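First comes the structure, then the notes that go with it.
The values are calculated or read from the model by the stated rules, or taken from the named source; none is laboratory data. Keep in mind it's a predicted model, so treat the numbers as computed, not measured. Ideal geometry is used to build each Cβ from the backbone, glycine not excepted, and the neighbour counts take in all protein chains shown.
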Amino acid sequence: MSSDLFTFGEVLSVFISKDTDSVMSAKTYERVTAGAEANVAVTLSRLGLKSQFYSRFGNDQLGSVMIQDIENEGVDISLIKRVPSFTAAMIRNPGKTASVEISYLRKGSAASTMEAADILDSYISNSRWLHTTGITCAISKSGADTVKHALSRANALGIKSSFDLNIRRKLWSEEEAKNTLAPLAQNIELLIGGEDEYQVVFGNHDAKSLLAQANQRGCKIAVMTKGDQALKYSINGEYGEIIPPKVVTVDPVGSGDAFTGGSIAALLAGSTPIQALEQGSICGASVASMFGDWTGIPTGHGGLIDEELASKFRSKN
């Protein structure tokens, strides 16, 4: 089956405290499914494109319910494998009155056993776009090898790809991240990262210089995000900035993935890179304005947000 997007990575059952804004005092939790790559796949599906997601899940109930959650969003999960290990989880507070604090239960998880041999050429060649992130690189050595293999094969097969640096400091050190991610951040269509992540990987503090360096490494569209502040980009050496829509931030977790998914979807729909980044910023703002990684992901057709919804957010600039 052909798809517009193929992506892979770890998915977590996220347990979010409901009765208080602290895991230390909470007694009641809500469970949702989330994970950077799955969030991107869901975004494309919501926007009317076909996305395919791969991972390894444990033979447990958490694995079963998360697979069902992803499938319910219209994402193709036919390639997913079940293995004799546990499915990862995250525990966090909502972050409404206090900073978000995260605890992971993922070391040695089913997804961390992923191997390069899992990603067949046909998975990539049957899609129009490959998306990967630095999170998969952080969960295990075999995860990093899988990302390296997939990006290399996409390049060889002529399939456009994107890479989100996505440094998770609870999973590894900045030095480990730099050593692993820097060689991967090259010869791709779209590179995404926060300002601090670019600084870690490329080693200086000037935004224009960092983005130009990414272009020189073969990253055609290099994007630097910083929450609700100006989004900076360089497209084949042309620098610019985009002001995201102004919204009341309810829950920023997942907004970056919505930005990425919205941008990829628009590029696949034939939009210019700047138009794509503008759509991505609308998707990110929409998710940040609601609670949960998937709740605010907008809907659309053929990869583009429904115009009425897009206009609503454009008026917030």
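Here are the criteria: (1) part of a helix (DSSP H, G or I); (2) touching a residue at least 12 places away in the same chain (Cβ under 8 Å). Tell me which single one ILE188 does not satisfy.
(1)
Restricting attention to the range 3-59, report how many residues are of a type in the set (Asp, Glu), crowded, with 24+ Cβ neighbours inside 10 Å and assigned to a loop (DSSP other than H, G, I, E, B).
Just the residues of the range 3-59 that are of a type in the set (Asp, Glu), to begin with: 4, 10, 19, 21, 30, 37.
Still in the running and crowded, with 24+ Cβ neighbours inside 10 Å: 10, 37.
If we keep only those that are assigned to a loop (DSSP other than H, G, I, E, B) too, we end up with 10.
Total satisfying the criteria: 1.
Being more than 25 Å from VAL100 (Cα to Cα) and at pLDDT below 95 is true for just one of SER263, SER255, SER311. Which residue is that?
Only one candidate passes the filter, namely SER311.
When you scan the range 120-178 for helices (runs of 4 or more DSSP H) that lie fully inside it, which ones turn up with 1 or more residues that are among the acidic types (Asp, Glu)?
121-125, 141-157
Please pick out the residue among ILE124, ILE102 that is at pLDDT below 95 and in contact with a strand residue (DSSP E or B) (Cβ under 8 Å, 6 or more places away or on another chain).
ILE102
List the residue pairs whose Cβ atoms are under 7 Å apart, where the first residue sits in the range 82-97 and is touching a residue at least 24 places away in the same chain (Cβ under 8 Å) and surrounded by fewer than 16 Cβ atoms within 10 Å (Cβ to Cβ), the second is assigned to a loop (DSSP other than H, G, I, E, B) and of a type in the set (S, T, N, Q), and the two are 6 or more positions apart or on different chains.
ARG82/ASN59; PRO84/ASN59
Here is a list: ALA288, ALA310. Which entry is crowded, with 24+ Cβ neighbours inside 10 Å and aliphatic (A, V, I, L, M)?
So the residue among ALA288, ALA310 that is crowded, with 24+ Cβ neighbours inside 10 Å and aliphatic (A, V, I, L, M) is ALA288.
Which one of ASP251, ASP257 is within 13 Å of the chain's Cα centre (by Cα), within 16 Å of TRP294 (Cβ to Cβ) and surrounded by 20 or more Cβ atoms within 10 Å (Cβ to Cβ)?
None of the other options fit; the residue is ASP257.
Determine, yes or no, whether ILE264 is out of contact with any strand residue (DSSP E or B) (no Cβ under 8 Å at 6 or more places or on another chain), over 19 Å from GLU195 (Cα atoms) and surrounded by 24 or more Cβ atoms within 10 Å (Cβ to Cβ).
no
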